[in-house]
1. Using the C-alpha atoms of the chain, what convex hull volume per residue, in cubic angstrom, is computed?
2. How big is D for segment 409-560, in µm² s⁻¹ as a whole number, if Stokes-Einstein is applied with the Kirkwood radius of its Cα pairs at 25 °C and 0.890 mPa s?
3. Using the structure shown, select from LYS171/LYS255; LYS295/LYS628; LYS295/LYS382; LYS271/LYS403 the pairs with a Cα to Cα distance greater than 25 angstrom.
4. Using 0.36 nm times the number of residues separating ASN489 and PHE333, minus their current alpha carbon distance, what extension gain do you get?
5. Simple spin-label model, 7 Å along Cα-to-Cβ: LYS610 to ASP247 in nm?
6. Just to verify a number: FRET efficiency for ARG322 and GLU625, C-beta to C-beta distance, R0 = 45 Å, to 0.05?
7. Show me 309-320, 194-205 ranked by packing, highest mean number of other Cβ atoms within 10 Å first.
8. Rg over Rh of segment 1-90, using C-alpha atoms and the Kirkwood radius, what does it come to?
Amino acid sequence: MASSPSPLEHAHKAILESRPPATDDLTYLTIVQSHLSPEVLPALNDVLQDVELTQRIGWDLVHMLLPLPGSAPCLKTVARLGNPREVILQVTEALRLLVLDQPVEEDDDDAAEEKAAETEEARKTEKIEQAEPTRDALVASPTPAETPEPTEADKFCLLVSMLATLHPRIKTKYPSRFLSASLMAILSSYRPSSQATHAVTAFAQTLSGNKRPPLPTRKSSLSIQNLTIASDEKDEKAPDPEAAAEDPKEEAIQKKLVQSFVTHIIELYVKDNSLDWSARLQENFAPDKMVPGKKSFGEAFREDLELQEREVLLGKLVALARDVGLNGADYLFNAPEQDLPTPPNDSEGEDFAPTSPDDIPLSLTGCLFLTANAIFSSVMFKNTNVTLPALSIFPSLSLITNKFIGTTSLETSGTEPPPIIDALLSIGLWLEHTDHFVAGHLDPQDFLQLLQTLSLVSANCPDPTLRHAAHILTSNILHAHPTDRLRLNFISDTLEHCPFEPLRASAVGWLKEELVRAHTRKSDDLFGTPAAVAALQPYLFPYESILDADTDSELWEDFRRTFPFHMAALNLIFFLNSEEYRDLVPEGSMSVVEEVYLQPLRTARTRLEKALKEGGELEKVVGVEEAKLGFAEVGLLGERLDMCLEHEQA
């Protein structure tokens with residue numbers, strides 16, 4: 001008695017024997033959907049080698065096949081043989097439907113731990129089974145069902161690879177319309193992982209028409225599953241069934257579309273993958289300022305495999321930019337004001353259909369990153385293949401800083417994305433180091449505006465490394481200006497009007513640097529005479545209003561806010577009382593400083609020490625730990641204050 005066929009055998013038979021003309025296309029698609037599983041995909045792929053059939057039904061299979069493990073060969077066949085116009089529409093729709101930003105809910109923690117425990121138990125069981133294989137296990141072969149279910153990132157890579165096969169097949173009057181829709185769909189779904197960036201780079205390289213040898217393999221701690229379906233040149237590709245002659249203008253439009261796409265990908269990638277250009281350049285320019293025993297940024301990028309992967313991927317994107325004829329610096333400085341790109345994930349850009357290359361803006365931020373990387377590579381890697389732009393701090397750095405750093409609010413200037421600030425600072429540090437200060441006439445207002453913007457970055461940027469780099473650049477640009485009165489005015493304005501105490505502390509440091517430079521060079525400018533200290537004295541050593549605080553809590557809050565400035569001011573007093581620099585202090589001014597600044601500060605210090613000590617009133621308000629830290633800060637200030645008063649009384 002013959003045994004009945006298994007469900008799998010039945011599914012294979014249905015897929016093979018029901019194909020048209022045995023049934024119509026719609027019926028066959030219904031049969032495929034009802035029997036679809038990873039195990040039947042090889043049989044379906046055999047059916048799809050029928051070009052005429054795949055031309056008719058291939059586009060309907062994209063959404064059906066995408067979630068299935070092991071569906072890449074079938075999707076490759078659909079991309080090669082299906083109607084390219086119809087399939088592209090399905091692929092771009094599938095890209096937009098990907099759910100790539102799923103929030104992780106806290107309530108799922110227990111479930112995640114339980115699942116991890118189950119997985120560990122299953123792994124142990126698997127090891128036992130492997131140790132004592134049964135006869136059935138020895139003769140069985142792996143099935144497609146054992147392939148893990150594709151993640152959303154896996155699906156993204158598969159779809160992008162399909163587009164790499166599909167777009168060269170389209171022969172229509174306006175292929176840029178299909179290309180534009182595909183590029184916008186990719187940008188809206190691109191998340192800058194290594195896996196996704198590899199897929200996007202391969203896709204754009206196909207469009208550019210340039211073939212590059214694969215990069216040498218390198219050891220990496222990253223596990224990147226290669227789910228792209230790069231087409232083999234020997235694989236048959238069906239012609240476009242609706243082929244038409246291409247409009248002569250299309251070549252230029254498509255080239256500009258690809259250029260724009262590459263700049264947007266570079267923007268998205270660098271924003272999500274810090275490259276620390278400015279920090280590494282600063283280490284190169286001033287190795288004596290590096291902290292002994294602390295791992296440098298350069299060492300981290302040489303030793304950390306993930307950082308190496310990051311730099312390699314950016315290198316591939318930069319090479320791609322060269323392949324498509326991009327010059328980031330040209331566009332960065334010459335783009336019209338209205339040429340601000342539509343954000344990559346903006347739905348308004350979905351139906352963008354350019355009619356000329358001028359309709360297509362590049363990403364200004366992407367061009368900024370290209371320019372910064374070219375400069376960085378020329379210094380750190382001695383890369384002679386890059387053409388460095390002819391730039392100077394004025395007007396070049398001033399111009400692009402105004403484009404990227406807001407100047408309408410003191411509180412928000414410098415809070416822009418750190419990679420943008422990193423790129424601007426790396427360009428500025430390079431220009432300052434190579435003494436490219438000014439080209440042409442320098443307007444004093446431009447000079448002061450750039451200094452104010454960079455100083456606000458040094459105060460507001462959330463990244464401490466970038467804050468330090470911004471401070472270094474601001475200081476060097478300030479000291480480089482030949483006019484002493486302009487330098488003094490900027491220091492004075494910062495001390496008098498700046499609401500940020502750390503920045504006022506920086507201004508005290510700028511003054512000290514100017515005094516040292518003038519003394520060392522035996523200069524007779526304003527900083528070589530008592531005039532500079534006399535002009536700044538009311539802002540350097542103001543009446544200490546924190547004594548007016550009604551409560552200890554108010555006094556403590558005011559002290560915490562102004563602590564950086566007070567420490568800088570006390571250090572300056574100690575510096576000015578030294579034998580070497582005492583002649584820069586106006587006669588009799590130190591007694592005034594002691595009366596209006598030092599003695600009130602001493603009274604505030606005594607009051608705070610009493611309130612912050614163990615059992616004090618502030619300890620009850622702020623807590624034991626914060627009170628201990630506060631007591632230490634007050635003690636530090638007190639030590640410097642006592643040293644200044646001892647000098648005054650000596």
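Bear in mind that the values in this text are calculations on the coordinates, not laboratory data. All figures in this text were calculated on a predicted structure; none of them were measured in a lab. Cβ coordinates were reconstructed from backbone atoms using ideal geometry, including for glycine residues, and neighbour counts include every protein chain displayed.
1. 232
2. Answer, rounded: 146 µm²/s.
3. Correct reply: LYS295/LYS628.
4. Result for the pair: 53.2 nm of gain on full extension.
5. The modelled label-to-label distance comes out at 8.4 nm.
6. Approximately 0.25, to the nearest 0.05.
7. Sorting 309-320, 194-205 by mean packing, highest first, produces 194-205, 309-320.
8. 0.99
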